[in-house]
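Reviewing the structure listed below.
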Amino acid sequence: MDTTVRVRFAPSPTGFLHIGGARTALFNWLYARHTGGCFILRIEDTDLARNTREAVDVILDGLRWLGLDWDEGPATSDPAGPSKGDRGPYFQSMRSSVYARRVQELLSKGYAYEHEGAIKFKMQREPVTINDLIVGEVKRELTDREAEDPDFVIVRSDGQPVFHFSNVVDDLEMGVTHVIRGEDHLSNTAKHIVMFRAFGVEPPKYAHIPLILNPDGTKMSKRDKGALLSVYQEQGYAPEAVVNYLCLLGWSPKDNREIIPLEEIVARFDLPQIVRHNARFDMAKLLWMSGEYFRLMSNDRFYELATEALTKSGLNVQSFPDSYVRAAIETCKGKLKTLSELPVYAGFYFTDEVTYDPEAAARLFTPQNIGRLAGLREAFAGLASFTAPELESRLKTMAAQLGVKPSELVHPLRLACTGKTIGPSLYHLIEILGRDRVLARLDRALAWAESRSK
RNA sequence: GACCCUAUCGUCUAGUGGUUAGGACACCACCCUUUCACGGUGGCGGCCCGGGUUCGAAUCCCGGUAGGGUCGCCA
């Protein structure tokens, strides 16, 4: 008997990927990788009017961004296109014959009947016991409404199967062994279990994971800030951080660590350790983690992500020598929490149009400081080697001669070179900009002050 | 309304009958420092309430309360 674990993520292409859905996908993926099983991606696109290829791409792109690769499922967003795996098609819109066959089976077995053009499933009235791997044993009784009419529609009068039915049929046909999904499906699981039995098979194992809530504890819907995975993609969070953070929402390594390599999470992840209560989404912690990941990441990877972000922001990074770009970007590594901060933080490297922070200019470009800047300009012009250590010692020498703290010179100098009061290490940034640019920028600052004094 | 799940600092969590209830984010203070960030040190802050069980409950049981979910020809 084949005991390979088969799990699936079965999103509906609605045009967005909810952060809770992303975590459901992640937990399924983790369980598949942990057990050496198979992770299936199935697109539940039964709502034809609403589903588009773009909506499917949102899901595929989101999963790829997170690094969650699927062993079976669509290769593209085209329902009729290529796929991986031999249990397809993996788009529900392509599986109508399967549903028709399975409806027929229930009909002939007497588990379903036609009613006003629709087909309803004969649901049992007795309580159904769910043995959930996370929640434990749940005895689900009928609600008062259900008690009035326990049967439910599985095929609409227009011939379209409803979610509960197609979902169960596909899990059955695709050999899904573990259904890991949001707790919002726990109550419905009774229906699913009874349908599996009607088909004459044992239902899969169920694992209902707690939900992700807003910071205020209310349900997180598309409308809420931070509810969509796309915001983290667009804001330039480190995808590794999003994955790591999501792992920690409902699961814990229990050893007080937070930053954990994925391989290790894969090795240690298991269903029973998942907590049972809902979690509120803490953007601040994710932001912190994103910063940590950027700091820890290799220079090559950061360079890759950073150039992409800079280019996207409109900076003409390509026109600079690669060695220059690399050096510039490395001075920013570990200083930012998201890539979206990068254009503002490092833009001065890639444009000579330095605009001075008005408040800082008023405070720092005083006549006295401008005089000192002029002195610094001459000193830098005459430097034998234009390197960070040389620049630092030259500046400190001058500060000593003037009898002031180095910071008295540093702040105006930074403003002249970058237009800002914050940024990468000053001496390194100056070295990378190079003598020509730096002298030009000092001249500009001097001219700026000159024009202001008139 | 009925049914189901849950309940430890503001947030994420460790904790499974005996702990000064631990860690992380956030926040505050100080240190480091060319800015910012990082790092370091310290601080603030918690077992929802009420009954049991027990020599002893955050931990077990019951009841409240609160939050979440489900009862669709939505998914």
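Could you look through segment A:230-286, keep only residues that are within 8 Å of RNA strand B (Cβ to nearest atom) and acidic (Asp, Glu), and pick out the one that is modelled with the lowest pLDDT? It comes out as A:Asp255.
Given the criteria crowded, with 21+ Cβ neighbours inside 10 Å, more than 12 Å from RNA strand B (Cβ to nearest atom) and assigned to a strand (DSSP E or B), does A:Ile180 qualify? Write out each step before concluding.
On the way: crowded, with 21+ Cβ neighbours inside 10 Å: yes; more than 12 Å from RNA strand B (Cβ to nearest atom): yes; assigned to a strand (DSSP E or B): yes.
Yes; evaluated as a whole, the condition is true for this residue.
For segment A:393-437, the tally of residues that are touching a helix residue (DSSP H, G or I) at 6+ places or on another chain (Cβ under 9 Å), more than 16 Å from A:Ala361 (Cβ to Cβ) and not in a helix (DSSP H, G or I) stands at 5.
Set side by side, the residues A:Glu202, A:Glu173 differ, and just one is more than 12 Å from RNA strand B (Cβ to nearest atom) and either closer than 22 Å to A:Val135 by Cβ or assigned by TED's automatic domain parsing to the domain that holds A:Gly20 (or both), which is A:Glu202.
Any idea which residue in segment A:1-54 is modelled with the highest pLDDT, counting only those that are in contact with a Pro (Cβ under 9 Å, 6 or more places away or on another chain) and of a type in the set (S, T, N, Q)? Among them, the one singled out is A:Thr24.
For beta carbons closer than 8 Å, sequence separation of 6+ or different chains, a first residue in segment A:109-121 that is touching a residue at least 40 places away in the same chain (Cβ under 8 Å) and a second that is near RNA strand B (Cβ under 10 Å from one of its atoms) and β-branched (Val, Ile, Thr), the qualifying pairs are A:Ala112/A:Ile119; A:Ala112/A:Ile154; A:Phe121/A:Val153; A:Phe121/A:Ile154.
Residue-wise test of (1) over 40 Å from the mean Cα position of the chain (by Cα); (2) basic (Lys, Arg).
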{"residue": "A:Gly334", "(1), (2)": "no, no"}
{"residue": "A:Leu342", "(1), (2)": "no, no"}
{"residue": "A:Glu353", "(1), (2)": "no, no"}
{"residue": "A:Leu364", "(1), (2)": "yes, no"}
{"residue": "A:Ala400", "(1), (2)": "yes, no"}
{"residue": "A:Gly403", "(1), (2)": "yes, no"}
{"residue": "A:Arg414", "(1), (2)": "no, yes"}
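Based on this model, can you work out whether A:Arg156 counts as in contact (Cβ under 8 Å) with a residue 12 or more places away in the chain, outside the structural domain of A:His178 (by TED's automatic domain parsing), of a type in the set (D, E, K, R) and at negative phi? No.
In contact (Cβ under 8 Å) with a residue 24 or more places away in the chain, more than 15 Å from RNA strand B (Cβ to nearest atom) and under 22 Å from A:His428 (Cβ atoms): is that true of A:Arg372 in this structure?
no
Taking the conditions (1) under 23 Å from A:Ala440 (Cβ atoms); (2) not in a helix (DSSP H, G or I) in turn, A:Gly375 satisfies each one other than (2).
Selection of helices (runs of 4 or more DSSP H) fully inside segment A:53-170 by the criterion of at least 1 residues being away from RNA strand B (no atom under 11 Å from the Cβ) and within 30 Å of A:Gly236 (Cα to Cα) returns A:53-66.
For (1) of a type outside the set (A, V, I, L, M, F, W, C); (2) touching a Pro at 6+ places or on another chain (Cβ under 7 Å); (3) under 26 Å from A:Val98 (Cβ atoms), each residue gets a yes or a no:
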site: A:Glu173; (1), (2), (3): yes, no, yes
site: A:Ala207; (1), (2), (3): no, no, yes
site: A:Asp224; (1), (2), (3): yes, no, no
site: A:Leu229; (1), (2), (3): no, no, no
site: A:Gln233; (1), (2), (3): yes, no, no
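Considering only segment A:312-319, I want to know if a residue exists there that is charged (D, E, K, R), within 16 Å of RNA strand B (Cβ to nearest atom) and over 17 Å from A:Leu415 (Cα atoms).
The first filter runs over segment A:312-319 and keeps only residues charged (D, E, K, R), leaving A:312.
Imposing the further condition that a residue be within 16 Å of RNA strand B (Cβ to nearest atom) reduces the set to none.
No, segment A:312-319 contains no residue that is charged (D, E, K, R), within 16 Å of RNA strand B (Cβ to nearest atom) and over 17 Å from A:Leu415 (Cα atoms).
The values are calculated or read from the model by the stated rules, or taken from the named source; none is laboratory data. None of the values given here were measured: they were computed from a predicted structure. All Cβ positions, glycine included, derive from the backbone under ideal geometry; neighbour counts span all protein chains shown.
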